[in-house]
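Undergrad: One structure, as structure tokens, below. Some questions next.
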């Protein structure tokens with residue numbers, strides 16, 4: 001009787017080891033060869049001073065670094081928080097999206113950078129914060145399956161930012 005119990009226990013241990021090896025091997029075959037996480041985003045802006053103030057107020061970012069190259073006609077601001085690093089780039093030789101699209105149909109966009117997405121842990125607090133800054137999304141979308149919400153806003157230059165619950 002004792003040997004059957006020992007054999008059964010031994011089989012269970014071997015089965016668990018086999019399952020563990022299978023799961024680890026399968027995961028190793030389907031995962032990337034390296035770990036990664038988002039590091040930063042860069043956004044082209046028309047006026048770096050007003051865009052800096054806007055991004056600082058929306059995301060509570062602090063100025064980390066500035067580059068003002070008047071000879072080449074560009075300025076850069078690096079803004080950061082513990083969760084996000086953002087590079088704002090102003091270059092007076094860049095064509096402005098608003099001017100290019102001035103005579104185009106409403107809603108026309110230039111094929112280029114589309115949007116940056118953010119995950120928020122408290123959608124209501126996020127919406128309240130933005131409302132305090134007089135930033136009101138035109139529409140809040142709700143996923144029919146998960147019931148989680150998301151919305152889009154534009155920065156001062158028309159760049160899209162999307163927030164997900």
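Undergrad: Which residue out of 59, 114 is under 16 Å from residue 42 (Cα atoms) and either surrounded by 15 or more Cβ atoms within 10 Å (Cβ to Cβ) or in contact (Cβ under 8 Å) with a residue 60 or more places away in the chain (or both)?
TA: Within the list 59, 114, the selection yields 59.
Undergrad: Follow-up question, since we're still on this one. Among the numbered criteria (1) at pLDDT 85 or above; (2) in contact with a strand residue (DSSP E or B) (Cβ under 7 Å, 6 or more places away or on another chain); (3) surrounded by fewer than 16 Cβ atoms within 10 Å (Cβ to Cβ), which single criterion is violated by residue 89?
TA: (3)
Undergrad: Consider region 68-109. How many of its residues are touching a helix residue (DSSP H, G or I) at 6+ places or on another chain (Cβ under 9 Å) and under 29 Å from residue 165 (Cβ atoms)?
TA: 7
Undergrad: Right, something else. Suppose we filter region 76-101 for residues that are in a strand (DSSP E or B) and over 22 Å from residue 60 (Cβ atoms); how many remain?
TA: 1
Undergrad: What pairs come out if I take residues in region 94-105 that are under 14 Å from residue 47 (Cα atoms) and pair them with residues that are in a loop (DSSP other than H, G, I, E, B) and modelled with pLDDT of 80 or more whose C-beta lies under 6 Å away, six or more apart or interchain?
TA: Matching pairs, first to second residue: 96/46; 97/158.
Undergrad: With 107, 73 as the choices, which residue is at pLDDT below 90, on the phi > 0 side of the Ramachandran plot and loosely packed, with under 11 Cβ neighbours inside 10 Å?
TA: After applying the criteria, what remains is 107.
Undergrad: To continue, here is another question. Kindly check whether there is at least one residue in region 145-165 that is surrounded by 11 or more Cβ atoms within 10 Å (Cβ to Cβ), touching a residue at least 40 places away in the same chain (Cβ under 8 Å), touching a strand residue (DSSP E or B) at 6+ places or on another chain (Cβ under 6 Å) and farther than 17 Å from residue 41 by Cβ. Show your work before the answer.
TA: So in region 145-165, the residues surrounded by 11 or more Cβ atoms within 10 Å (Cβ to Cβ) come out as 148-165.
Retained after the next criterion (residues that are touching a residue at least 40 places away in the same chain (Cβ under 8 Å)): 155-165.
Checking which are touching a strand residue (DSSP E or B) at 6+ places or on another chain (Cβ under 6 Å) leaves us with 157, 159-165.
Then keep just the ones that are farther than 17 Å from residue 41 by Cβ; that gives 165.
Yes: region 145-165 contains one or more residues that are surrounded by 11 or more Cβ atoms within 10 Å (Cβ to Cβ), touching a residue at least 40 places away in the same chain (Cβ under 8 Å), touching a strand residue (DSSP E or B) at 6+ places or on another chain (Cβ under 6 Å) and farther than 17 Å from residue 41 by Cβ.
Undergrad: Here are some conditions: (1) surrounded by 10 or more Cβ atoms within 10 Å (Cβ to Cβ); (2) under 19 Å from residue 158 (Cβ atoms). Residue 81 meets all but one. Which one does it not meet?
TA: Condition not satisfied by residue 81: (2).
The values are calculated or read from the model by the stated rules, or taken from the named source; none is laboratory data. In this text the structure is predicted, and so the values were computed from the model without any measurement. Cβ coordinates were reconstructed from backbone atoms using ideal geometry, including for glycine residues, and neighbour counts include every protein chain displayed.
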